[in-house]
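Undergrad: Quick one: the structure is below, and I'll ask about it shortly.
The values are calculated or read from the model by the stated rules, or taken from the named source; none is laboratory data. These figures come from a predicted structure and were not determined experimentally. Using ideal geometry, Cβ is built from the backbone for each residue, glycine included, and neighbour counts are taken over all protein chains shown. SASA here: full protein model, heavy atoms, side chains in, ligands and nucleic acids out. Shrake-Rupley method; radii C 1.70, N 1.55, O 1.52, S 1.80 Å.
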Amino acid sequence: MEGNMVNLEGFVPMRSDLRGWQSDSPIFDRLVSEVKPTEVIEVGSWKGASAIHMAKACRALGLKTAIHCVDTWLGAVEFRTMGGGERDLMERFGYPQVYYQFLSNVVNEGVADMIDPLPVTSLDGAKLLGKADLIYIDASHDLKSVTEDIEAYMPLLRDGGVMFGDDYGNSVFQVREAVDGWCARNGVTPEIYDGWFWVIRR
Ligand SMILES: C[S@@+](CC[C@H](N)C(=O)[O-])C[C@H]1O[C@@H](n2cnc3c(N)ncnc32)[C@H](O)[C@@H]1O
């Protein structure tokens, strides 16, 4: 899949802020070493912590991997209802700037050559991208969004590939209902890692 690595001429990175949510879990290393992906899709990247983790795990194995990061960088409902702190959208004149924190982190961590940002909605991203070996779903966490993201991206998963996501054990969101519902309809049993991450193998 052709990646569009960013032309960084003139970009001045800001200080790193790599806050994410369970983005340092060993599940990322485990799945990268199992799948050895050449193409990764991450749906929901925020400040890049999980994408950077996967990029470094791929590089450590000597893989030449492109990591396609699909995100509007506009947040999700909870970024406004539970906003501020770790969910600060970094608004400037009323519009989120968090993409520039993402890009700064990617540059500061030395993985800009592996990261392909795609600033579109998750469903549009699925129309624009090709097949991938590893797909991480971590965008909006309501029942409809997670169900739609799984349905939109499953056709992009290569045979032998793995789709996974977080917040399965988070009772605030409906990730569990979405994953269990999709799996029941498709005769699949999800694997659950650490009570938090769901994993579906193809
Ligand atoms: C939980 S954060 C991702 C965290 C990241 N994976 C990490 O571990 O640091 C969710 C992200 O999904 C994005 N997002 C939510 N709904 C989206 C949608 N429908 N399309 C594209 N991006 C979306 C938000 O902008 C936000 O950056």
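Undergrad: Among the candidates 179, 106, 111, 98, single out the residue that is open to solvent by less than 10 Å² (accessible area, probe 1.4 Å) and in contact with a helix residue (DSSP H, G or I) (Cβ under 6 Å, 6 or more places away or on another chain).
TA: Selected residue: 111, the only one of 179, 106, 111, 98 that is open to solvent by less than 10 Å² (accessible area, probe 1.4 Å) and in contact with a helix residue (DSSP H, G or I) (Cβ under 6 Å, 6 or more places away or on another chain).
Undergrad: For residue 78, state whether it is among the acidic types (Asp, Glu) and either more than 25 Å from residue 7 (Cα to Cα) or at pLDDT below 95 (or both).
TA: yes
Undergrad: Give the residue, chosen from 142, 133, that is near the ligand (Cβ under 10 Å from one of its atoms) and either open to solvent by less than 60 Å² (accessible area, probe 1.4 Å) or in contact with a Phe, Trp or Tyr (Cβ under 9 Å, 6 or more places away or on another chain) (or both).
TA: 142
Undergrad: Filter the stretch 93-122 for residues that are touching a Lys or Arg at 6+ places or on another chain (Cβ under 7 Å) and within 13 Å of the ligand (Cβ to nearest atom); which is farthest from residue 18 (Cα to Cα)?
TA: Per the stated criteria, the residue is 98.
Undergrad: Pull up the stretch 1-42, narrow it to residues that are more than 19 Å from residue 193 (Cα to Cα) and surrounded by 22 or more Cβ atoms within 10 Å (Cβ to Cβ), then point me to the one that is farthest from the chain's Cα centre (by Cα).
TA: This residue is 37.
Undergrad: Looking at 86, 34, 42 in this structure, which one is touching a residue at least 40 places away in the same chain (Cβ under 8 Å), in contact with a Ser or Thr (Cβ under 9 Å, 6 or more places away or on another chain) and acidic (Asp, Glu)?
TA: Result: 42 is the single residue among 86, 34, 42 that is touching a residue at least 40 places away in the same chain (Cβ under 8 Å), in contact with a Ser or Thr (Cβ under 9 Å, 6 or more places away or on another chain) and acidic (Asp, Glu).
Undergrad: Pairs needed: first member in the stretch 191-202, in a strand (DSSP E or B); second member anywhere, open to solvent by 80 Å² or more (accessible area, probe 1.4 Å); C-beta distance under 6 Å; at least 6 residues apart or different chains.
TA: Pairs that qualify, where the first residue is in a strand (DSSP E or B) and the partner is open to solvent by 80 Å² or more (accessible area, probe 1.4 Å), are 199/191.
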